[in-house]
Amino acid sequence: MPFTTRIPAPTATADPGSGDGFAGRIALVTGAAQGIGAAVAALLAARGARVVGCDLRGGPVGGDGDGEGSWGGVRELDVTDGAAVEALVERTERELGPVDVLVNVAGVLRVAPALELADADWQHSFDVNTTGVFHTCRSVGRRMAARGRGSIVTVGSNAAGVPRTGMAAYAASKAATTMYMRCLGLELAASGVRCNLVSPGSTDTEMQRSLWTDPDAERRVLEGDPATYRVGIPLGRIADPVDVAEAVAFLAGDRARHITMHDLYVDGGATLRA
């Protein structure tokens, strides 16, 4: 089945004068079936990109639209499978053209005290959050380097820089990915390929809501929780996925052409930028 050219109603409006430079460009977005990944895919499409979304859960995206960009569905992809990643990237470039933007959003969260983590949960966290990013960056990055251009943005987490109780596997995998991206950015800089991170804090997604096990959970996120050594959110709100998508679009676009190896926190000040 060929890639489609349909686009859902975007969550943010396109700005023809934005200078982001996505018109006519191809963007590959992982984790595009929901949450931050879906917001990124819709925003890039609204700004002119031809988006190939992929996720472990493939499927169509609702809605139609007109414009330069397109986003017609989510291709099924397991980022932990290096051969499958390579096959999807090869097919994308053969059918559509060179990938100009790669956005890694796919991620998992396994919650448990550090000494009680199961081997499988620890391994799966790294398989998706770290090795999955390695697979996509290796496949797309090689092609970008050969062409002498491209932008890679990985959605990390502020947990990579600040300890969180019950989140050792998630935080460790995101920290590993953060350093991988910085090393990759250093190596690819001479080829004209930029590599950056966007690190959200609490964001209104299915993953976030899975942590809210009692009626006061959201309040503790906003106001802080001394029992878990966690401060609140100074801006007093939980992020919307489009808040993170806007940061991704900035770093992926031409207005950030002199930025690489950067880690942009989008957390309302929750980490006090520790």
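The values are calculated or read from the model by the stated rules, or taken from the named source; none is laboratory data. None of these values were measured; they are calculated from a predicted model. A quick note on method: Cβ atoms are made from the backbone with ideal geometry, for glycine too, and the neighbour counts reach across all protein chains shown.
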Practice problem: Those residues that are at pLDDT below 85 and either surrounded by 13 or more Cβ atoms within 10 Å (Cβ to Cβ) or polar (S, T, N, Q) (or both), I need them from the range 188-208; list them, please. | Solution: M207, Q208
Practice problem: Specify which of the listed residues (D100, D81) is surrounded by 19 or more Cβ atoms within 10 Å (Cβ to Cβ) and charged (D, E, K, R). | Solution: D100
Quiz item: Just one of the numbered conditions (1) assigned to a helix (DSSP H, G or I); (2) surrounded by fewer than 18 Cβ atoms within 10 Å (Cβ to Cβ) is not true of T165; which one?
Solution: (1)
Practice problem: Among the residues of the range 140-162, count how many are surrounded by 24 or more Cβ atoms within 10 Å (Cβ to Cβ) and either in contact with a Phe, Trp or Tyr (Cβ under 6 Å, 6 or more places away or on another chain) or assigned to a helix (DSSP H, G or I) (or both). | Solution: 2
Quiz item: Which condition does A175 not pass, out of (1) closer than 30 Å to D100 by Cβ; (2) in contact (Cβ under 8 Å) with a residue 24 or more places away in the chain, if it passes all the others?
Solution: (2)
Exercise. Give the residue, chosen from D214, D225, that is over 23 Å from the mean Cα position of the chain (by Cα), more than 30 Å from L44 (Cβ to Cβ) and at pLDDT below 90.
Key: D214
Quiz item: If P234 satisfies every condition in (1) under 25 Å from V111 (Cβ atoms); (2) crowded, with 19+ Cβ neighbours inside 10 Å but one, which is the exception?
Solution: (2)
Quiz prompt | Matching option when the condition is without any contact (Cβ under 8 Å) to a residue 40 or more places away in the chain, in a loop (DSSP other than H, G, I, E, B) and out of contact with any Leu (no Cβ under 8 Å at 6 or more places or on another chain), among L235, L272, L222 | solution = L235
Quiz item: So, in the range 103-135, of the ones that are of a type in the set (V, I, T) and touching a Leu at 6+ places or on another chain (Cβ under 9 Å), which residue ends up surrounded by the fewest Cβ atoms within 10 Å (Cβ to Cβ)?
Solution: V111
Quiz item: Can you name the condition, by its number, that G156 falls short on among (1) farther than 21 Å from T260 by Cβ; (2) at pLDDT 95 or above?
Solution: (1)
Quiz item: Taking the range 118-137 as the search range and keeping residues that are in a helix (DSSP H, G or I) and free of Cβ contacts under 8 Å to residues at least 12 places away in the same chain, which one is nearest to the chain's Cα centre (by Cα)?
Solution: Q123
Quiz item: What are the residues in the range 46-69 that are at pLDDT below 90 and crowded, with 19+ Cβ neighbours inside 10 Å, if any?
Solution: V61, G69
